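Data first, discussion second: the structure below is written as structure tokens.
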């Protein structure tokens, strides 16, 4: 089990100099949507870099473009123009199958609504993404699930059904599921939005531990001041663009 430690901002590996390749690089990305007869410009030339080991929050009001940006980085959608590089390759305009495969192997997703399968146990929910990894044996899947549940301190709930868990416990299951494939990046969209203050504080402490002890790279979308105060870097987005000069 991960030892409890006092949270501190994550230090950028190697100083994060300009010469170090970014884990995620977004270059000049634009994205628009049709809303009735109106063309909504959700993103307007976004440039962003995230390096391995970062613990970063993207902050902005509702409608600022946070979720759209996360959907693009998470390979759930593609930009109108611009490029998105993930761990090297340009992933901007892959077909649906290629995006799905990349997402399953390189990206862990955490949603505010948990998105657990009610007819599967906690362990089965965590194991689910591994079933698409044909090279991982059944024994290896069991080991990974066991480790992931240990990391989020839910080992004793492995056989439990999701609807028997609290909101905080369900979100921990979702975190374990996101980590079990050993992704390069974990995207968390408002992960504390449905949790009370005490549960939020515990969850944020857990995420910081995972970042520091397991070197998991996290990119959050959040309004939560408890999370914003404890991340190592804050990126502000406003009206579909990065708000320059507003970095914490």
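Throughout, read-outs are computed from the coordinates displayed, never taken from laboratory work. A quick note: this is a predicted structure, and the numbers were derived from the prediction, not measured. A quick note on method: Cβ atoms are made from the backbone with ideal geometry, for glycine too, and the neighbour counts reach across all protein chains shown.
A few remarks follow.
- Gain upon complete extension [residue 81, residue 193; 0.36 nm per residue less C-alpha separation]: 37.2 nm
- Cα-based shape type of segment 55-124, given that a ≥ b ≥ c are square roots of the gyration tensor eigenvalues and the cut on a/c is 1.5: oblate
- With Cα atoms, 0 to 90° folded angle of helix 96-106 axis to the chain main axis: 60 degrees
- Helix 197-214 vs. the chain, principal-axis angle (Cα, 0 to 90°, nearest 10): 90 degrees
- Computed over the chain: relative contact order in percent, which uses C-alpha pairs under 8 Å that are six or more apart: 29 percent
- With 0.36 nm allotted per residue and the present C-alpha distance subtracted, the residue 34-residue 139 stretch has 33.1 nm of extension available.
- Listing 237, 228 from fewest to most neighbouring C-beta atoms within 10 Å gives 228, 237.
- Approximate spin-label separation residue 205-residue 158, in nm, with each point projected 7 Å along Cα-to-Cβ: 2.5 nm
- Most mobile listed residue (134, 121, 100) in the chain, GNM with C-alpha springs under 10 Å: 134
- Principal axis box of segment 149-199, alpha-carbon based, largest edge first, Å: 30, 26, 16
- For segment 75-164, the square roots a ≥ b ≥ c of the C-alpha gyration tensor eigenvalues yield an a/c of 1.5 or more together with a/b exceeding b/c, which makes the shape prolate.
- Counted by neighbouring Cβ atoms within 10 Å, the residues 80, 224 run from fewest to most as 80, 224.
- Of the residues 229, 103, 141, 238, the one with the fewest other Cβ atoms within 10 Å heads the list, and the complete ranking is 229, 238, 141, 103.
- Most mobile of 117, 145, 58 in a GNM of the chain (Cα contacts under 10 Å): 117
- Acute angle (nearest 10 degrees) that the helix 138-151 long axis makes with the longest principal axis of the chain, alpha-carbon atoms: 80 degrees
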